[in-house]
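Once you've had a glance at the structure underneath, I'll fire off some questions.
No lab work stands behind these numbers, since they all come straight from the coordinates. Keep in mind that what you see is a predicted model, and the values were worked out from it rather than measured. A quick note on method: Cβ atoms are made from the backbone with ideal geometry, for glycine too, and the neighbour counts reach across all protein chains shown.
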Amino acid sequence: MRILGIDPGLATIGIGVVETENYVDFLAIEWLTIVTEAKKDLAERLVEIRKDLHEYVVQAKPDLCVVEKLFFTSNVKTGIDVSHARGVIMETIGSMGIPLIEVTPSELKSGITGDGKADKKQIQEMLLHILKLEETPKPDDAADALALAIFGGLHPPE
């Protein structure tokens, strides 16, 4: 099974792809980010996200997609902008017929480390262990997306 994890954002979207055959052993296939320019208006950035994500998904051919749910932020404008991007991401995946699950940050932390309050360092240590990597994937958005993809393999939809 090939699983695509997506860490939503407006400026930077984290992308991570893993494969598993037995839901225990995972192989990191790829991690990257989709970046939009802050100087462009919101509509242009959303169109760019959809286009770039669609092109990537066609090439990656995932069987499942895992997207992080938003948590409330003190910066309302940022939260709204990320919500717009997340909507475009979900519409893109949904229109391609790929099963999608949504995960809250605490569900992700608990599902990867066993602790819903785990910090970024604990998650990164588990990434290294599960994926048998020597270095933590960078940037953080892509590492978070890999964690989401692993979550999808550890907790597949029924």
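What list of ³J(HN,Hα) values in whole Hz, one per residue of segment 92-102 in order, does the Karplus curve 6.51 cos²θ - 1.76 cosθ + 1.60 (θ = phi - 60°) give from phi, with Gly and Pro shown as x?
Result, ordered by residue: 4, 5, x, 5, 8, x, 8, x, 10, 10, 10 Hz.
Using only alpha carbons, build the gyration tensor for the chain and give me the equivalent ellipsoid semi-axes, biggest first, whole Å.
Gyration-tensor ellipsoid for the chain: 24, 18, 14 Å.
Can you list the aspartates and glutamates whose alpha carbon sits under 14 Å from that of Lys40, skipping same-chain ones fewer than 8 residues off?
Excluding near neighbours in sequence, the set is Glu48, Asp81.
To the nearest 20 debye, what is the magnitude of the charge dipole of the chain about its Cα centre, counting +1 on the Cβ of each Lys and Arg and -1 on the Cβ of each Asp and Glu?
340 debye
Considering only Val76, Pro105, Gly94, whose Cα is most displaced toward the positive end of the charge dipole of the chain, charges sitting on Cβ of Lys, Arg (+1) and Asp, Glu (-1)?
Of the options given, the answer is Val76.
Please work out how much length the chain gains when fully extended from Leu128 to Lys77, using 0.36 nm per residue of separation minus the C-alpha to C-alpha distance, in nm with one decimal.
Taking 0.36 nm per residue and subtracting the Cα distance, the gain is 14.9 nm.
My understanding is that a pair violates if its Cα-Cα distance is over 20 Å; which of Lys69/Lys120; Lys39/Lys69; Lys61/Lys109; Lys69/Lys109 do that in this structure?
Lys39/Lys69; Lys61/Lys109
Where both residues lie in the chain, what percent of DSSP beta bridges are antiparallel, nearest 5?
In the chain, DSSP labels about 65 percent of beta bridges as antiparallel.
Rounded to the nearest 500 deg cm²/dmol, what is the calculated helix-only ellipticity per residue at 222 nm for the chain, with -39500 (n - 2.57) per DSSP H run of length n ≥ 4?
-15500 deg cm²/dmol
Then there is this: Extending each Cα 7 Å along its Cβ direction at Glu21 and Ala43, get the distance between those two points in nm, one decimal.
For Glu21 paired with Ala43, the spin-label model returns 5.0 nm.
With label points built 7 Å along Cα→Cβ from the Cα atoms of Arg50 and Ile98, find their separation and express it in nm.
Taking the simple label geometry, Arg50 and Ile98 are separated by 1.7 nm.
Let me ask you something else. Which whole-angstrom value gives the distance between the alpha carbon centres of segment 27-62 and segment 120-158?
Cα centres, segment 27-62 to segment 120-158: 19 Å.
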